[in-house]
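Have a look at the structure below, then the notes.
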Amino acid sequence: MQKYENASSGLKMVFIGAIGAIICGVILIIPIIGTIIGGIGGLVFLILSLIGLYKAGADIDGCKKAFMCNIINLVVSVLKTFLGAVPVLGLLLNLAGYVLTFLVVYLVCSSVAAVMRDMGHADIASNGELVYKINFVCYIATIVLSILAVIPLVNILAGLASIVVSIVILVAQILYMIFLYKSSNALAA
């Protein structure tokens with residue numbers, strides 16, 4: 001039976017990074033000081049997550065691919081910062097970011113779920129598969145709503161629908177973190 005020490009500790013780092021990113025997102029609400037602390041903290045937790053994916057990629061190939069998608073997504077984010085004001089280009093970069101973000105979740109969940117199933121943890125594997133399926137629906141909805149948001153009058157309904165999708169994405173993120181936690185513990189055993 002293969003050992004998954006790198007994957008276990010790597011997924012734990014991704015889990016901690018995800019929790020830290022949510023906390024930093026909340027801290028960003030605080031004017032001035034929250035922006036500084038939240039921004040720096042967000043960067044630290046992003047780096048932690050990247051290191052975790054890289055480490056997990058040593059044992060699980062899907063995590064290695066997810067790491068690469070994350071790096072490409074960072075490049076897209078930088079391009080979006082500089083070119084996002086160009087209407088069509090900004091929309092295309094946003095859409096690319098959504099696709100890459102989903103790919104990261106899909107690659108992590110599907111590859112780790114396969115390992116969990118091989119190890120006899122079908123319940124954890126099922127959770128991972130559920131997470132990427134929920135994320136798939138959410139990202140398709142987000143992409144459609146992003147396109148509809150540029151159409152006058154329809155953009156109002158798209159904005160309201162985006163609120164519902166954002167809530168479902170938050171639930172999916174929590175399920176993703178639970179999956180990361182349970183699978184990192186199972187891999188450590």
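Probe 1.4 Å, all protein chains in place: accessible area of Met68 in Å², nearest 10?
Spelled out: Met68, probe radius 1.4 Å, area about 100 Å².
Just reorder Asp123, Asp59, Asp118 by solvent-accessible area, largest first, 1.4 Å probe, all chains present. Please report the intermediate quantities before stating the final value.
Numbers: Asp123 105, Asp59 35, Asp118 135 Å².
The ordering from most to least exposed comes out as Asp118, Asp123, Asp59.
Go through region 109-114 residue by residue and turn each phi into a ³J(HN,Hα) via Karplus (6.51, -1.76, 1.60, θ = phi - 60°); whole Hz please, and just put x for glycine and proline.
For region 109-114, the Karplus-derived couplings read 5, 5, 6, 5, 4, 4 Hz, x marking Gly and Pro.
Quick check: convex hull over the Cα atoms of the chain, volume per residue in Å³, rounded to an integer?
With only Cα atoms used, the chain gives 112 Å³ per residue.
Can you work out the accessible area per residue across the chain, with the rest of the protein chains kept in place, probe 1.4 Å, in square angstrom?
On a per-residue basis, the chain sits at 55 Å².
Out of the total accessible area of the chain (probe 1.4 Å, heavy atoms of protein only), what percent is carbon and sulfur?
Values: 7970 of 10330 Å².
Its accessible area is 77 percent carbon and sulfur atoms.
If DNA, RNA and ligands are ignored and the probe is 1.4 Å, what is the ranking of Val99, Val108, Val137 by accessible area, most exposed first?
Sorted by accessible area, descending: Val137, Val99, Val108.
Can you classify region 23-100 as rounded, prolate or oblate using the Cα gyration tensor, where a ≥ b ≥ c are the square roots of its eigenvalues, rounded means a/c under 1.5, and otherwise it's prolate if a/b beats b/c and oblate if not? Provide the component values of the computation, followed by the final result.
Details: a/c = 3.01, a/b = 1.13, b/c = 2.66.
Since a/c reaches 1.5 but b/c is at least a/b, the shape of region 23-100 is classed as oblate.
Need one value: the accessible area of Cys138 in square angstrom, 1.4 angstrom probe, rounded to the nearest 10.
Around 10 Å² of this residue is reachable by solvent.
Where does each of Thr101, Thr35, Thr81 land when they are ordered by accessible area, with a 1.4 Å probe and the largest first?
Reading off the accessible areas and sorting them downward yields Thr81, Thr35, Thr101.
With r as the distance between the Cβ atoms of Glu5 and Phe136 and R0 = 25 Å, compute the FRET efficiency 1/(1 + (r/R0)^6) and round to 0.05.
0.25
Quick one: angle between helix 154-188 and the longest Cα principal axis of the chain, in degrees between 0 and 90, rounded to 10, please.
Approximately 20 degrees, to the nearest ten.
Expressed in nm², what is the orientationally averaged projection area of the convex hull enclosing the Cα positions of region 58-116?
Numbers: hull surface 14.8 nm².
The orientation-averaged projected area of the Cα hull of region 58-116 comes to 3.7 nm².
For region 111-189, I need the span (max minus min coordinate) of the C-alpha atoms along each principal axis, in Å, sorted largest to smallest.
Per principal axis, max minus min of the Cα coordinates gives 54, 16, 14 Å.
Please compute the Kirkwood hydrodynamic radius over region 64-157, one decimal place, Å, based on all pairs of different Cα atoms. Can you show the working numbers first?
On the way: mean 1/r = 0.0680 Å⁻¹.
Over region 64-157, the inverse of the mean reciprocal pair distance is 14.7 Å.
The values are calculated or read from the model by the stated rules, or taken from the named source; none is laboratory data. Every value quoted in this text rests on a predicted model; they were computed, and no experiment measured them. Methodologically, a virtual Cβ is constructed for each residue, glycine included, from the backbone with ideal geometry; neighbour enumeration extends over all protein chains shown. Please note that ligands, DNA and RNA were not included when accessible areas were found on the heavy atoms of the full protein model with its side chains. Shrake-Rupley method; radii C 1.70, N 1.55, O 1.52, S 1.80 Å.
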